[in-house]
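To start, the structure itself, in structure tokens.
Rule-based calculations on the coordinates, nothing more; no lab input. These figures come from a predicted structure and were not determined experimentally. No Cβ is skipped: glycine too gets one built from the backbone with ideal geometry, and neighbour counts run over all protein chains shown.
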Amino acid sequence: MAVQEAPSVERARDAVARDSWVEAYVALRALDGGAPRPLEPEDLDLLADAAWWSGHVDESVAARLRAHAGFSAVGDHQRAGGAAWWLAFEYRALGRPAAAAGWLHRARHHLEQVPECPEQCFLAWSDLEEAQAGHDPEAALAAARRMELIARHCDSADLVALSRSAHASVLLAEGRTAEGLALLDDAMCAVTAGELSGMFTGMLFCLALTECMDAADFGRAVEWTNAAMAWCSVPWSWHARGAGGGDGSLPPGVVTDNPFRGLCRIHHVEVLDLLGAWPVAAQEAERVCQEVMPDCLETAAGAHYVAGEIRRRRGHLEAAAVSYAHAHELGRIPQPGLALLRLAQGKTDAAVAGLRLALACQSEPDHDRLGRARLLAAQVEVDLAVGDQAGAAQAVAELEALAPGGPLLGALADTARGALALARHEEALVPLRRALAAWLELRIPYEAAQVRMLLAAAYRAVGDDEAALLELRAARAAFTELGAVPDARRAAALLGEGRKAVPGGLTEREVEVLRLVAAGGTNREIAQQLVISEHTVARHLNNIFAKLEVTSRAAATAFAYSHGLAS
């Protein structure tokens, strides 16, 4: 039997340098438990990093606490301050804000005693986030500039990229979109060129993807999501020879994959959902919940929410409700999806109340513009369904104020404006055509098909039945391909598919008018219900009378009842 090479500190440090974190974790863990004397604070700090990368968050915190104690004991305030800051970072991720605040205070205490150093860049980042939380943009910008100044003096590519990403987040939150995206592009050049360490590559991918989705910049989200998933696909494999079990195996429970994979994958899921790749998105959402770290419950909640969205649009309403419930259990408000589910179930009061509460509770509406726009778009749909045109108009106005933020926001606003115009019997074709062009350019098929349904109604309102028919057929084809069963059935019903031949040679629109006549509707009431003009109703009635060879509404009503056309 070959003699197994014993782990050594040198080998563990080499594994860290190669980003072979599982190898480093196993080696350092073995040394920590079996060495004649404890690991040095520097190696405990490495053990904390390796434990985090290997999926052992609790062990990471425990090792970092010991590293901090060791640095403090020898008066190394710089490294003690760095360990304290990372403890604050980890405790915050674990949902322990009081512990996080305490360790951040300790980090400040340590680092105020040393000259300028890389660890002070992290303190500036914390200052930036606190200023943003306190709605103090000037202080946030000052902290961002301080971050980059320190990073440049320390000649750290990692910290320069991080400082630019943080600066971009401040500018984007202030609506300075062009400046913010330019800085973000600069930071992401370093990421995608492979110039940064693994930790900072993962952090910056997650930060940039979050900023893109919040800013509704779908183009960058697609590009960087693909890059992130390519980076995550590189195997973070087991390289150690002889560590662990006698056959080179890992200890039970060790994760051998990139811990950023789940965080990046949730953004991939959101992009796939928008692109209409629902089967793949559903599979990826399930994988997110298996891959995310124990301190990333928000990411798992996002995966359950997207799964609920896909199930709702496919018509699996009960399954969607379960997914939304899981998202809620993990801390996410499952709106606007849950409200649209309740609307589909006929529970309009619940739909209205859920959206109102979600809009009122949104903590950072100026920052998460896409999230707010989605809530407002759903509010328009629900308000119009319950006949609250005033409420819908308010939501449309706010959506239009957000629209300059990007093509995705503009498409949402134009869709809502067109839907409101239809309900008001106003000109709707212009905003709806603009919305359709935007959705098609963005390659977002479900929303494009929904707009086609609205366009069909708008064309019918002006008497262009042929154009309406073309839009309905295109919508039905898109819904069928997506697997959006309820919407496909609705489009098919409006196309008259599956129905028997109509007696008297009547068109489908004429049958709709005849049914309403038989129900006692006046021309004005029929016009309102079918979203057409009274002049168009009168024209349809003349055609009906001619085809049925009758001269009165009563005779037409009798024909409707005798041929099973009355409701």
Tell me, in nm to one decimal, what length is gained between ARG489 and TYR561 on full extension, where the rule is 0.36 nm per residue of separation less the Cα-Cα distance? 23.3 nm
Work out from phi, with θ = phi - 60° and the Karplus expression 6.51 cos²θ - 1.76 cosθ + 1.60, the ³J(HN,Hα) of each residue of the range 511-528, listed in order in whole Hz, and give x for Gly and Pro. 5, 4, 5, 5, 4, 6, 4, 5, 7, x, x, 7, 4, 5, 5, 5, 4, 5
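Over the chain, what lengths in whole Å, largest first, do the semi-axes of the equivalent ellipsoid take, defined as the square roots of 5 times the eigenvalues of the alpha-carbon gyration tensor?
Working: eigenvalues 707, 125, 66 Å².
So the equivalent ellipsoid measures 59, 25, 18 Å along its semi-axes.
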Tell me the label-point distance for the pair ASP185, LEU65, using the 7 Å Cα-to-Cβ offset, in nm and rounded to one decimal. 4.7
If one puts a single equal scatterer on every Cα of the range 343-427 and applies the Debye formula without solvent, what log₁₀ I(q)/I(0) results at q = 0.12, 0.16, 0.22, 0.25 Å⁻¹? -0.33, -0.58, -1.04, -1.24
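Order 211-219, 199-207 from most to least packed using the mean count of other Cβ atoms within 10 Å.
211-219, 199-207
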Using a 10 Å cut-off on Cβ atoms, rank the peptides 448-456, 140-148, 277-285 from the highest mean neighbour count down. 448-456, 140-148, 277-285
Give the residue from ALA30, GLN362, ALA50 lying farthest towards the positive end of the charge dipole for the chain; charges sit on Cβ (+1 for Lys and Arg, -1 for Asp and Glu) and the dipole is referred to the Cα centre. GLN362
Calc'd 3J(HN,Hα), the range 179-192, phi into Karplus 6.51 cos²θ - 1.76 cosθ + 1.60 (θ = phi - 60°), Hz, glycine/Pro = x, comes to 5, x, 5, 4, 5, 5, 4, 4, 4, 6, 4, 5, 5, 6
Most exposed to least, judged by fewest other Cβ atoms within 10 Å, CYS189, CYS361 sort to CYS361, CYS189
What distance in nm separates the simple spin-label points at VAL550 and VAL462, each placed 7 Å from Cα in the Cβ direction? 3.3
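How big, on average over all directions, is the shadow cast by the Cα convex hull of the range 425-525, in nm²?
7.4
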Starting from the Cα of GLU10, step 7 Å along the direction of its Cβ; do the same at HIS105; then give the gap between the two resulting points in nm. 4.5
Please work out the FRET efficiency for the pair GLU481 and GLU40, using the Cβ-Cβ distance as r and a Förster radius of 45 Å; give the result to the nearest 0.05. 0.15
Which net charge results when you count Lys and Arg as +1 and Asp and Glu as -1 among the other residues whose beta-carbon is under 12 Å from that of ILE544? +2
Cβ-Cβ FRET estimate between ALA17 and ARG443, R0 fixed at 45 Å, reported to 0.05: 0.60
Could you run the Karplus curve 6.51 cos²θ - 1.76 cosθ + 1.60 with θ = phi - 60° over the range 269-286 and give me ³J(HN,Hα) per residue in whole Hz, x for Gly and Pro? 4, 4, 5, 4, 4, 5, 6, x, 7, 5, x, 5, 4, 5, 5, 5, 4, 5
Just want to confirm a number: the relative contact order over the range 343-427, from Cα pairs under 8 angstrom separated by 6+ residues, in percent. 24
Report Rg/Rh for the range 1-114, rounded to two decimals, where Rg is the Cα radius of gyration and Rh the Kirkwood radius. 1.03
Extended-chain gain in nm, criterion 0.36 nm per residue less alpha-carbon gap, ARG152 and ARG356: 68.8 nm
Would you mind working out the magnitude of the charge dipole of the range 504-562 relative to its Cα centre, with +1 at each Lys and Arg C-beta and -1 at each Asp and Glu C-beta, to the nearest 20 Debye? 60
Ranked highest first by the average count of other Cβ atoms within 10 Å around their residues, in what order do 547-553, 83-89 fall? 83-89, 547-553
Please give the length that would be gained between ASP388 and ALA133 if that part of the chain were fully extended, namely 0.36 nm times their separation in residues minus their C-alpha to C-alpha distance (nm, one decimal). 88.3 nm
Quick one: angle between helix 429-442 and the longest Cα principal axis of the chain, in degrees between 0 and 90, rounded to 10, please. 40
Suppose every K and R has +1 on its Cβ and every D and E has -1 on its Cβ; what is the size of the dipole of the chain about the Cα centre, in Debye to the nearest 20? 2160
